[in-house]
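Input: a single structure, listed below in structure tokens.
The values are calculated or read from the model by the stated rules, or taken from the named source; none is laboratory data. Bear in mind that the values here come from a model prediction, so they are computed numbers and not experimental data. Using ideal geometry, Cβ is built from the backbone for each residue, glycine included, and neighbour counts are taken over all protein chains shown.
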Amino acid sequence: MTTTNNQYRAIPQLQVLLETAAANALCREYSRQETVTALRLCLNSIRKRIGQDGNYQLPDFHSAEFFNDIRKEILRQRERSLQPVINATGIILHTNLGRAPIATVTIDAIRDTALGYSNLEFNLATGKRGSRFMHIERILQQITGAEAAVVVNNCAAAVLVSLNTLAKGREVIVSRGELIEIGGGFRMPDVIAATGAILREVGTTNKTRLADFERAINENTGVILSNHCSNYSIVGFTECPDLQDLVALAHKHNLYMVQDLGSGALLDLSVYGIKNERSAQQILKDGIDLVMFSGDKLLGGPQAGIIVGRSAPIEAIKKNPLMRALRIDKLSLAALEATLNLYLAPELAMQQVPILKMLSEDPAAIKKRSQTLARQLNKLDSITARVENDVSYVGGGSAPMNELPTWVIRIASAKHSSEEISKLLRLRKPAVIGRIASDKFVLDLRTVFPEQVSSLREAFASLA
């Protein structure tokens, strides 16, 4: 105990260290506050190690080596918390990993908008104040065929402002089978309550008929809401009315028919194995009043909540005071416009929107890329890599039950368990995120960009 106490007493006071020439140099190179923080963290770490190890040798507090450690700590504190990762999970729209990566032309649009001023809310033709929606409405009308369009910061916000505008204080009829829970534990009943509308549930979990909706309509009904089950599927003994029949029923009683589409495909993806995902264009042809969807799911753009449909309800939404709180920012707006421009020529979107390229990649091409990498990994000491067939997933609350055939690399190590491999790869820069199955670490190259493969090789070489 005496030795330990002596070690504690040998630690110089922070102020004494700050008065050294080396600390003054760090203060000039970075800042005094950063230097103080780094010194404090380092000294606290030393005290902790003394308590854990009675034989711990104190560093030379006046050495270049000690202050080099302080510099490293300053740089570590300066590192961005939000960092790029390599997604080798095979989950294309991985919510925890940022959902849709965006196209190169979209990045260019963000850069151009961010580096200077823009005509965000300025009409260049008239020289007067304009609306930020003018940059996006025309192209959404052109792509979807909608009468009007408006954009907010995400799809939950789109639901919130739409129902607050059309049904505040009135009833919203929803099938019990569509009372979904979205990411983060947020539930549709709670979202509806936040809009000021009154939820009216009809039907059962697995069966809801048109007659259930009709019986629920009364003088206080404002909206019939359909929620696309984009993150789950009810199968078996099920029934639900066609959207066209719901539209006809709503309009018969002068109600609004609204659909939360969620995942928001703008192209027919069935040829690539994505089933039961109707496009916004198809839904609008059913005569619906409003349809809303996300920008960062199957659209492959930035986070945004897109509302398209009839002019009257959208004009009312634009005037809602909530729009000020929920409006899309200029960088997301620039990114969304650039992404949507690609959809004017669908073949261009398939070539340049990353998630569409991933969705449509031929499994044979994935197999070939996987075999090439596996051969390289098998040359490393202690690493065994095998290529096997498997499935990828769309993810991100989109296209549930849709599995995409793929080929994966299953990796075993003579030195590390699969859990250890996962942890070590997560702590690299860039971090590598894979998955574990049958006690093997699994890589699915469907979601790995070609330019990232060399980083994968380096990552595994560090484990060998």
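Kindly establish whether GLU171 is charged (D, E, K, R), more than 30 Å from THR238 (Cβ to Cβ) and either buried (at least 16 other Cβ atoms within 10 Å of the Cβ) or at pLDDT 95 or above (or both).
In short, no.
Of the numbered criteria (1) touching an Asp or Glu at 6+ places or on another chain (Cβ under 9 Å); (2) crowded, with 20+ Cβ neighbours inside 10 Å; (3) in contact (Cβ under 8 Å) with a residue 60 or more places away in the chain, the one TRP407 fails is (3). Looking across the range 370-393, the residues that are assigned to a strand (DSSP E or B), aliphatic (A, V, I, L, M) and in contact with a helix residue (DSSP H, G or I) (Cβ under 7 Å, 6 or more places away or on another chain) come down to ILE383, ALA385, VAL387. Going residue by residue through the range 195-209, is there one that turns out to be assigned to a helix (DSSP H, G or I) and either of a type outside the set (Phe, Trp, Tyr) or over 26 Å from LEU340 (Cα atoms) (or both)? No. The number of residues in the range 135-163 that are in contact with a Gly (Cβ under 6 Å, 6 or more places away or on another chain) and in a helix (DSSP H, G or I) comes to 3.
To keep it simple, each residue is scored yes or no on (1) within 21 Å of the chain's Cα centre (by Cα); (2) of a type outside the set (Phe, Trp, Tyr); (3) under 30 Å from GLY287 (Cα atoms).
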site	(1), (2), (3)
GLU73	no, yes, no
ALA109	yes, yes, no
ASP112	no, yes, no
ARG129	no, yes, no
GLU137	no, yes, yes
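Of the residues that make up the range 328-335, is at least one of a type in the set (A, V, I, L, M, F, W, C) and assigned to a loop (DSSP other than H, G, I, E, B)? Write out each step before concluding.
First, pick out the residues of the range 328-335 that are of a type in the set (A, V, I, L, M, F, W, C): 328, 331, 333-335.
Retained after the next criterion (residues that are assigned to a loop (DSSP other than H, G, I, E, B)): 328.
Yes, that holds for at least one residue.
Just wondering, is there one or more residues in the range 125-134 that are assigned to a strand (DSSP E or B), surrounded by fewer than 23 Cβ atoms within 10 Å (Cβ to Cβ) and either touching a residue at least 12 places away in the same chain (Cβ under 8 Å) or touching a Phe, Trp or Tyr at 6+ places or on another chain (Cβ under 9 Å) (or both)? Within the range 125-134 (the criterion being assigned to a strand (DSSP E or B), surrounded by fewer than 23 Cβ atoms within 10 Å (Cβ to Cβ) and either touching a residue at least 12 places away in the same chain (Cβ under 8 Å) or touching a Phe, Trp or Tyr at 6+ places or on another chain (Cβ under 9 Å) (or both)), the answer is yes, since at least one residue qualifies.
For the residues LYS423, LYS367, the requirement of being in a helix (DSSP H, G or I) and within 30 Å of LEU269 (Cα to Cα) singles out LYS367. When LYS285, LYS297, LYS318 are checked against the criterion of being in contact with a strand residue (DSSP E or B) (Cβ under 7 Å, 6 or more places away or on another chain), among the basic types (Lys, Arg) and farther than 18 Å from THR106 by Cβ, LYS318 stands alone in meeting it. One residue stands out in the range 182-201 among those that are of a type outside the set (Phe, Trp, Tyr), within 17 Å of HIS228 (Cβ to Cβ) and in contact (Cβ under 8 Å) with a residue 24 or more places away in the chain: the one that is surrounded by the fewest Cβ atoms within 10 Å (Cβ to Cβ), namely GLY183. Among the conditions (1) charged (D, E, K, R); (2) modelled with pLDDT under 95; (3) within 18 Å of PRO313 (Cα to Cα), the only one that GLU147 does not satisfy is (2). Scanning the range 380-410 for residues that are of a type in the set (Phe, Trp, Tyr) and at pLDDT 95 or above yields a single hit, TRP407.
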